Amino acid sequence: MTKFDAKRAKQLQPDEHIAFDDFPGLRLEATKTRRTWTYRYKSPIDGNMRQIKLGSWPTMPLPAAIALWEQRRSARDAGEDPALAKRKARQGVLASDSKTSLLPGSYLVKHLVADYLSGHVEHNASQRVQTNTKYALGDPIKPIISMTPEAVTRQIAFKLLEGLRDRPTYANRIKTELAAAWDYGLDAGRIKENTPNWWRQIMRGKLRSKGKTRNGERITDKRVLTDIEISVLVPWLPVLESDVSDVAQLYLWTGQRGNEIVAIRGNELTEEKDGLWWTIPKAKTKNARVERATAHRVPLVGRAEQIIRQRWSRHGAGYLFPYVAAKTGRKTTKAKRHITQAAIGQVIARCQPYWVRKNRLVTDPPIPVTGWTPHDLRRTARTMLGSMGCANEIAEEIIGHIKAGIVGIYNLYEYDAEKREWLTKLAARLESIVAV
């Protein structure tokens, strides 16, 4: 089966299942009371057939199930057995609980951090976020790792963050993760109930970024490109390599985040009655850890549709921006990796006149519009929607922001028709600017 039929899913009898040709091993299995997404696979460790639960339908929609299937399948392709890994993680948490109960008073911050990483982060965050979190909870917190959580006073917490004031964004990340680790320990009963979580209280609002340094000056303004700048920049973009040029244009024509654009896959695209759609799985969005967030649907219009269709025809169901090995110039095996948002930003930065680092390439062409980053293109698209009269709730849906407060709980309308209408208008506006 290649298309999901909700009616058929509801009519499944106990012990029946639905399989999907495009997603090997992904199944929707039925019991008397529920429908469950599972991934069935052959273990790379012992060759036995195993399966792992991904979630329940309809609470977990198909795009979200595909995203989890993709993660589990990638782990399996890398030689890991997802079911065994999950079992070991659970056993590790139980062992940690046992040690804590047997050795009262010896539960240290390093144990708390390890439990937080294995019990929460590894189950709820992407691989990239896991790596960044482990880094933030590494060397910077060495002064407290051998202390008990109860012994970390307000003064000690403040001193740790004070020492990182020259890197406010980094310090704020450490503060956030330590606060979450303390909450995890309190919820799990691994630290005493009356232990204060100072990380939630100290230095509120005081760890703010000072902006970027450009030509020796601090730049804090949010950049939005003008119509004249767009008319010059967009025709120039093809001077760059195709990946960079296409990603930059997709920023403007869709308003999406860079890390979502570079990770787009052909199996996230669907031909529908009103045109081509891109469904970004929840697990690949910035809102992946927000419980009420869902997969994000983006209509592809105008130049965005042209770019995606060309790449779709070349790369099929895999990544449309596959990583190219620098030494061989060949695509990586089965295109398991994609280019990164950071790589796109670096190419743009090297073309700026204020780039003075040694790794500037002779082939980097001078850019005609200076002082911007790829994310400024997303901000430009959102600003243009507002200037054209697009209602805030529609524009926010287009760029993938979650509805705030009580509105997000009760208004579950997805604005599909409005998204296509306004992105069509945006595409027309951009083309009229470029044509000048």
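Hey, does segment 289-296 have a residue that's at pLDDT 95 or above, assigned by TED's automatic domain parsing to the domain that holds Val369 and crowded, with 21+ Cβ neighbours inside 10 Å?
Within segment 289-296, none of the residues are at pLDDT 95 or above, assigned by TED's automatic domain parsing to the domain that holds Val369 and crowded, with 21+ Cβ neighbours inside 10 Å.
Here are some residues: Asp97, Asp15. Which one is modelled with pLDDT of 80 or more, charged (D, E, K, R) and either out of contact with any Phe, Trp or Tyr (no Cβ under 9 Å at 6 or more places or on another chain) or in a loop (DSSP other than H, G, I, E, B) (or both)?
From the options Asp97, Asp15, the qualifying one is Asp15.
Applying the selection to segment 229-242, what residues are under 9 Å from Val434 (Cα atoms) and of a type in the set (A, V, I, L, M, F, W, C)?
Ile230, Val232, Leu233, Val234
With the requirement that a residue be over 23 Å from Thr195 (Cβ atoms), surrounded by 14 or more Cβ atoms within 10 Å (Cβ to Cβ) and either at pLDDT 90 or above or charged (D, E, K, R) (or both), what does segment 109-129 give you?
Matches in segment 109-129: Glu122 only.
Suppose we filter segment 135-193 for residues that are in contact (Cβ under 8 Å) with a residue 40 or more places away in the chain, within 15 Å of Asp115 (Cα to Cα) and among the β-branched types (Val, Ile, Thr); how many remain?
Adding up the residues that qualify gives 2.
Based on what the data block shows, is Glu229 modelled with pLDDT of 95 or more and outside the structural domain of Thr59 (by TED's automatic domain parsing)?
yes
Name the single residue, out of those in segment 390-436 being of a type in the set (A, V, I, L, M, F, W, C) and in contact with a Pro (Cβ under 7 Å, 6 or more places away or on another chain), that is modelled with the lowest pLDDT.
Only one residue fits best here, namely Val434.
Could you name every one of the strands (runs of 3 or more DSSP E) located completely within segment 235-299 that has at least 2 residues being under 21 Å from Ala428 (Cβ atoms)?
In segment 235-299, 275-280, 296-299 are the strands (runs of 3 or more DSSP E) which contain 2 or more residues that are under 21 Å from Ala428 (Cβ atoms).
If you go through segment 25-51 one residue at a time, how many are in contact with a strand residue (DSSP E or B) (Cβ under 9 Å, 6 or more places away or on another chain) and free of Cβ contacts under 8 Å to residues at least 40 places away in the same chain?
Result for segment 25-51: 15.
Anything in segment 130-152 that is assigned to a helix (DSSP H, G or I), over 16 Å from Ala171 (Cα atoms) and either modelled with pLDDT under 90 or among the aliphatic types (A, V, I, L, M) (or both)? List them, or say none.
Of everything in segment 130-152, those that are assigned to a helix (DSSP H, G or I), over 16 Å from Ala171 (Cα atoms) and either modelled with pLDDT under 90 or among the aliphatic types (A, V, I, L, M) (or both) turn out to be Gln130, Thr131, Ala151.
Those residues that are among the β-branched types (Val, Ile, Thr) and surrounded by fewer than 16 Cβ atoms within 10 Å (Cβ to Cβ), I need them from segment 368-382; list them, please.
Of everything in segment 368-382, just one residue is among the β-branched types (Val, Ile, Thr) and surrounded by fewer than 16 Cβ atoms within 10 Å (Cβ to Cβ), namely Thr370.
Return the residues of segment 375-423 that are within 30 Å of Ile344 (Cα to Cα) and aromatic (Phe, Trp, Tyr); say none if nothing qualifies.
Trp422
Condition check: more than 19 Å from the chain's Cα centre (by Cα), modelled with pLDDT of 80 or more, among the small types (Gly, Ala, Ser) and loosely packed, with under 13 Cβ neighbours inside 10 Å. Does Ser106 satisfy that?
yes
Among the residues of segment 153-175, write down those that are modelled with pLDDT of 90 or more and hydroxyl-bearing (Ser, Thr, Tyr).
Thr153
Of the residues that sit in segment 263-288 and are farther than 22 Å from Gly55 by Cβ and without any contact (Cβ under 8 Å) to a residue 12 or more places away in the chain, which one is surrounded by the fewest Cβ atoms within 10 Å (Cβ to Cβ)?
Of everything passing the filter in segment 263-288, Lys273 is surrounded by the fewest Cβ atoms within 10 Å (Cβ to Cβ).
Quick one: which of Thr332, Thr380 is within 25 Å of the chain's Cα centre (by Cα) and modelled with pLDDT of 75 or more?
Thr380
For segment 342-436, list the helices (runs of 4 or more DSSP H) that sit wholly inside it and hold at least 1 residues that are of a type in the set (Phe, Trp, Tyr); which are they?
It comes to 405-410, 416-434.
Hey, could you check segment 1-59 for residues that are of a type in the set (Val, Ile, Thr) and under 28 Å from the mean Cα position of the chain (by Cα) and say which is surrounded by the most Cβ atoms within 10 Å (Cβ to Cβ)?
By that ranking, first place goes to Ile52.
The values are calculated or read from the model by the stated rules, or taken from the named source; none is laboratory data. All values derive from a computational prediction rather than experimental measurement. In this analysis, Cβ positions are derived from the backbone assuming ideal geometry, glycine residues included, and neighbour counts consider all displayed protein chains.
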